[in-house]
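The structure appears below as structure tokens.
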Amino acid sequence: MQVDVDKSVKRAEDLNRILGPNGWTLRAFEFHSGQPIHTPVPTEATGPLVSLPLEDDDTGKLDPFSG
């Protein structure tokens, strides 16, 4: 069970690196069956926005868990 919690925490941290520049973060607000439940929370932007050039319809480029 701890491995699953560690995975959830790692994924939230990965997503927070993407969301932070836009002024958002994912924060655990409760646990259900031992798993953290996250909610988006507005926060101070962490830095300049970085443009992501998308010149085609490949939205898979936005998936931080692929590759």
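The values are calculated or read from the model by the stated rules, or taken from the named source; none is laboratory data. Because the structure is a prediction, the values reported are computed rather than measured.
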Discussion item. Among the residues in the range 47-58, are any at pLDDT 65 or above, among the aliphatic types (A, V, I, L, M) and not in a strand (DSSP E or B)?
Written reply: yes
Worksheet item: Where residues in the range 2-36 are closer than 26 Å to Gly47 by Cα and hydroxyl-bearing (Ser, Thr, Tyr), which of them is farthest from the chain's Cα centre (by Cα)?
Response: Ser8
